[in-house]
Amino acid sequence: MNPNSNEGYVHVERRGSISHIEFFHPQSNSLPSAVLADLAKAIRDEGHDPAVHVIVLRSGGDRVFCGGASFTELASIRAEAQGLAFFSGFAHVINAIRTVPKFVVGRVQGKAVGGGVGLASAVDYCIATQHAAVKLSELAVGIGPFVVGPAVERKMGLSAMSQLAIDATEFRSAAWAHEHGLYAQVVDDVAALDAAVDVLAERLAGQSVEATIALKHALWHGTEHWNELLIERSAISGRLVRTEDTQRRIQAILSKS
């Protein structure tokens with residue numbers, strides 16, 4: 001949780017009853033398993049603390065919200081159990097957001113790729129800048145957005161999710177993501193983003209705790225099976241990432257970085 005770590009970090013800052021959870025990795029805010037584990041734990045711990053009324057999920061830096069899975073770690077996966085464990089990290093983060101009895105507000109300052117789109121989809125309310133283009137790049141890598149797919153489909157609908165999943169090499173603009181329901185609001189820059197997030201978080205922090213819990217539960221109705229579903233989807237990705245074709249694609253991407 002050291003915010004100065006070159007290996008990535010998850011940092012928690014309390015501002016009254018609002019908890020800001022920030023993740024960072026020097027490689028475009030990509031998510032290795034260690035950061036995923038810390039992120040899921042932070043969300044669960046803060047979400048179940050009675051002193052916390054709202055969570056703001058954010059990332060460090062100002063250019064990329066989240067680059068998705070760590071390609072360095074993907075390239076190191078050799079066994080089925082390793083693949084399942086890695087992709088389950090995304091499942092645990094999504095399920096943590098889904099099950100904590102607090103609203104999670106997403107602050108998306110830049111591009112969201114792959115798992116980053118999954119995070120933006122999983123939060124209860126997401127505000128972004130005009131620079132926050134989105135792309136589900138998994139199919140182009142040889143995997144497919146199996147783990148994050150349910151969250152993206154729930155937020156944007158099957159048609160929009162399918163467009164992102166199939167056209168896996170092209171970014172869609174923040175305006176497109178707003179039009180299709182991923183972002184509730186799109187603002188010009190980071191200053192406007194922080195102002196909008198702060199206003200919303202402060203407003204939510206003053207709402208009835210009991211009503212918030214009841215509404216959160218109602219809004220996520222029908223997802224009770226996700227604990228099992230997302231692990232099943234993790235197994236699919238874990239199997240595909242070990243194929244020769246996928247590993248070749250990953251190595252090609254790493255050679256360009």
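The values are calculated or read from the model by the stated rules, or taken from the named source; none is laboratory data. Only a predicted model underlies this, so the values are computations on that prediction, with no experimental measurement involved. As a convention, Cβ positions derive from the backbone with ideal geometry for all residues, glycine included, and neighbour counts pool all protein chains shown.
Values computed for the structure shown
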| quantity | calculated |
| --- | --- |
| Only one of 46, 22, 73 that is in contact with a His (Cβ under 7 Å, 6 or more places away or on another chain) and not β-branched (Val, Ile, Thr) | 22 |
| One residue from 185, 251, 247, 163 being free of Cβ contacts under 8 Å to residues at least 12 places away in the same chain and either on the phi < 0 side of the Ramachandran plot or surrounded by 18 or more Cβ atoms within 10 Å (Cβ to Cβ) (or both) | 163 |
| Some residue of region 15-22 being of a type in the set (Val, Ile, Thr), assigned to a strand (DSSP E or B) and buried (at least 16 other Cβ atoms within 10 Å of the Cβ) | yes |
| Condition met for residue 247 (of a type in the set (S, T, N, Q), farther than 22 Å from residue 61 by Cα and part of a helix (DSSP H, G or I)) | yes |
| Total residues in region 203-242, condition assigned to a loop (DSSP other than H, G, I, E, B), closer than 12 Å to residue 98 by Cα and not hydrophobic (A, V, I, L, M, F, W, C) | 5 |
| Residues of region 152-189 satisfying the condition of being outside any loop (DSSP other than H, G, I, E, B) and in contact with an Asp or Glu (Cβ under 8 Å, 6 or more places away or on another chain) | 161, 165 |
| Scope region 54-78; condition surrounded by fewer than 20 Cβ atoms within 10 Å (Cβ to Cβ), part of a loop (DSSP other than H, G, I, E, B) and of a type outside the set (Gly, Ala, Ser); matching residues | 62, 63, 78 |
| Qualifying residue in region 154-161 (condition: within 25 Å of residue 198 (Cα to Cα), out of contact with any Lys or Arg (no Cβ under 7 Å at 6 or more places or on another chain) and at pLDDT 95 or above) | yes |
| Only one of 203, 172 that is surrounded by 13 or more Cβ atoms within 10 Å (Cβ to Cβ) and either modelled with pLDDT under 95 or of a type in the set (Lys, Arg) (or both) | 172 |
| Test for residue 223: is it hydroxyl-bearing (Ser, Thr, Tyr), farther than 25 Å from residue 82 by Cα and out of contact with any strand residue (DSSP E or B) (no Cβ under 8 Å at 6 or more places or on another chain) | yes |
| Selection count, region 154-179, where residues are more than 18 Å from residue 68 (Cβ to Cβ), among the charged types (D, E, K, R) and in contact with a strand residue (DSSP E or B) (Cβ under 7 Å, 6 or more places away or on another chain) | 0 |
| Any hit, region 40-52, residues being within 30 Å of residue 256 (Cβ to Cβ), touching a residue at least 24 places away in the same chain (Cβ under 8 Å), out of contact with any Phe, Trp or Tyr (no Cβ under 6 Å at 6 or more places or on another chain) and among the acidic types (Asp, Glu) | no |
| Enumeration of residues in region 23-46 that are small (Gly, Ala, Ser) and either crowded, with 20+ Cβ neighbours inside 10 Å or assigned to a loop (DSSP other than H, G, I, E, B) (or both) | 28, 30, 40, 42 |
| Unique match (being over 22 Å from residue 118 (Cα atoms) and within 22 Å of the chain's Cα centre (by Cα)) among 240, 219, 230, 204 | 204 |
| Exclusive hit being out of contact with any Lys or Arg (no Cβ under 8 Å at 6 or more places or on another chain) and free of Cβ contacts under 8 Å to residues at least 12 places away in the same chain, set 76, 88 | 76 |
